[in-house]
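Student: Sharing a structure below in structure tokens format, with a few things to ask.
The values are calculated or read from the model by the stated rules, or taken from the named source; none is laboratory data. Model, not experiment: these values are computed from the prediction. Cβ atoms come from the backbone with ideal geometry, glycine included; neighbour counts cover every protein chain shown. The area values use the complete protein model at the heavy-atom level, side chains included, leaving out ligands, DNA and RNA. Shrake-Rupley method; radii C 1.70, N 1.55, O 1.52, S 1.80 Å.
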Amino acid sequence: MANHPETELGPYVRGELAPSERERVARHLEACPDCRQDAERVRALLTELGHSVPVAPAVNWGCYRAELRLKLDARRARRRAWWSRPLPLALSASLAGVLLFFAVWNGWRSPGVEPMTPEEAIIGRRLDLLRQYSVVERLDLLEEFDVIRSLDQLAGTQEG
Amino acid sequence: MEPTDEVLCQRVANRDEAAFDLLVARYQERAYRLAWSILRNAEDARDLSQEAFIRLYQSASSFAGRAKFSTWFYRILVNLCLDHRRKGRGWRLWLRDEPDPDSGESLLDRQPAPFADPVDALGRERTLTKLWVAVDRLAPQQRAAVILQVQEELTTPEIAAVLKCSEATVRVHLHRALRTLKKTMETS
């Protein structure tokens, strides 16, 4: 038999179904022994569960309410503090200002590194000069080529 | 005449401390019991049920009064408990044979005694305990649906409002939960 009202058996047993639904399920149960048996099992199970609800550990309700009151007061105090205390706000604003100042100042101090021209890149790769780029970028390549050729010796004296 | 929960909640929104105390007194046992049923840890149940009251205090003005106050409050509480479990702090309780680190007892041994007629055989008590252990091992939404129905005696529409899902979804949760529990009873 199709359309067994499986999910409606619980509400049916508990008397929660609308009249038309209840009538439909009742008619089905008359004709379907499996569903009738199922409905009985659901009824028995719900009864057993209802009669055997585990008991929660005992609580001292005076202490419970006192604890709750403390927690609520602490929560309210925390919320008030954030909005009403001027010192943390002033400190936060000052810190933000200082951070902004340093960010801008560092931006001014460090000029952007200009990208290499193709000629410089080629020469740098050939002579392994990319490590010395900070020296190379300051030279006019065509006029100071001799300096570039002996750059290794120059870098060595600088490190020494 | 005692003010209704909905009226008290409106007063809490206006920062009436006495109204808040009255609501706490009315719901403290239910909140703690429900939290404990979901979490199976007394300390967590205490903390989260108290947190639910704090959230109630903070967001009382958002209670529009369209639903019952209990449904609105249970939603706050159940969401807190399900989130807490989801974060994994309660996952030890999901493992069947995980022994308690202090006592070395298994999960089954740690279950509190269920309501039982003293005349009942020991086997029946163990069966019922096993049944609630099986409830503890259900998927979170199924577990919450069973507890809300069986323990708190909420209707399907009320459970749907608490879990913020459709009634059809609640029926599916309960059907699957009962199917799992039926198998437990059969093997017992």
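Student: Using a 1.4 Å probe on the protein chains only, how many percent of the accessible area of region A:1-41 belongs to carbon and sulfur?
Tutor: Values: 1150 of 2550 Å².
Here it works out to 45 percent.
Student: Here is a follow-up. Select from region B:144-173 all residues whose loss of accessible area on going from the chain by itself to the full protein assembly reaches 40 Å² or more (probe 1.4 Å).
Tutor: B:Gln149, B:Val150, B:Arg171
Student: For a bin width of 5 Å, list the pair-distance distribution of region B:1-67 built from all Cα-Cα distances, rounded to whole %.
Tutor: 4, 19, 26, 22, 16, 11, 3, 0
Student: Let me ask another. Using a 10 Å cut-off on Cβ to Cβ distances, tally the other chain neighbours for every residue of B:47-57 and report the average as a whole number.
Tutor: Details: counts 2, 0, 3, 8, 3, 0, 6, 6, 1, 0, 4.
Other-chain Cβ atoms within 10 Å of each residue's Cβ, averaged: 3.
Student: Continuing with this model, one more query. How would B:Arg26, B:Arg66, B:Arg15 rank on accessible area, largest to smallest, probe 1.4 Å? Don't skip to the answer; put the middle values down first.
Tutor: Details: B:Arg26 65, B:Arg66 215, B:Arg15 115 Å².
My answer, sorted largest first, is B:Arg66, B:Arg15, B:Arg26.
Student: Label point 7 Å out from A:His4 along Cα-to-Cβ: which residues of region A:11-40 have amide N under 15 Å?
Tutor: The answer is A:28-40, whose backbone nitrogens lie closer than 15 Å to the label point.
Student: Hey, can you rank B:171-181, A:32-42 by average C-beta count inside 10 Å, highest first? Intermediate results must be reported in sequence, preceding the final value.
Tutor: Values: B:171-181: 21.0, A:32-42: 15.9.
Put in order of decreasing packing, that is B:171-181, A:32-42.
Student: Check the straight Cα-Cα distances from B:Lys183 and name the lysines below 22 Å, setting aside those fewer than 8 residues away within the same chain.
Tutor: Answer for B:Lys183, where 22 Å is the Cα cut-off: B:Lys130, listed by chain and number.
Student: While we're here: Per-residue mean of other chain beta-carbon atoms within 10 angstrom of the beta-carbon, peptide A:14-20?
Tutor: Values: counts 5, 1, 6, 1, 0, 0, 0.
Mean number of neighbouring Cβ atoms from other chains: 2.
Student: Please report the buried accessible area for the interface of B with A, total over both chains, probe 1.4 Å, in Å² to the nearest 100. Intermediate results must be reported in sequence, preceding the final value.
Tutor: On the way: alone 11000 and 13730 Å², together 20910 Å².
Summed over both sides, the interface buries about 3800 Å².
Student: Using R₀ = 25 Å, calculate the FRET efficiency as 1/(1 + (r/R₀)^6) where r is the Cβ-Cβ separation of B:Ala42 and A:Arg76; round to 0.05. Mind dumping the intermediate values first?
Tutor: Working: r = 26 Å, r/R0 = 1.06.
It comes out at approximately 0.40.
Student: I would also like to ask the following. Find how many whole Å separate the alpha carbon centroid of region B:128-142 from the alpha carbon centroid of region B:149-173.
Tutor: Computed from Cα coordinates, the inter-centre distance equals 17 Å.
Student: Here is a follow-up. I'd like the FRET efficiency for B:Met185 and A:Asp34, computed as 1/(1 + (r/R0)^6) with the beta carbon distance as r and R0 of 22 Å, rounded to 0.05.
Tutor: On the way: r = 17 Å, r/R0 = 0.79.
Efficiency computed from Cβ-Cβ geometry: 0.80.
Student: Oh, and also: Going from most exposed to least, what order do A:Val59, B:Val146, A:Val98 have by accessible area with a 1.4 Å probe?
Tutor: Details: A:Val59 25, B:Val146 5, A:Val98 75 Å².
Order by accessible area, largest first: A:Val98, A:Val59, B:Val146.
Student: In terms of Cα to Cα distance under 18 Å, which lysines are near enough to B:Lys164, apart from those fewer than 8 places away along the same chain?
Tutor: Output for B:Lys164: B:Lys68.
Student: OK, next. Within 10 Å of each Cβ of A:67-74, how many other protein chain Cβ atoms are there on average? Provide the component values of the computation, followed by the final result.
Tutor: Numbers: counts 3, 11, 6, 1, 5, 8, 0, 1.
That average works out to 4.
Student: Next question, about the same structure. What is region A:1-59's relative contact order, in percent, from Cα pairs under 8 angstrom and six or more apart in sequence? Could the numbers behind the result be given before it?
Tutor: Details: 25 pairs, mean separation 21.3, N = 59.
Dividing the mean separation by the residue count of region A:1-59 yields 36 percent.
Student: B:Thr71 to B:Lys87: extension gain in nm, 0.36 nm per residue of separation minus the Cα-Cα distance? Show your work: numbers first, answer last.
Tutor: Details: separation 16, 0.36 × 16 = 5.76 nm, distance 2.40 nm.
Gain in length upon complete extension: 3.4 nm.
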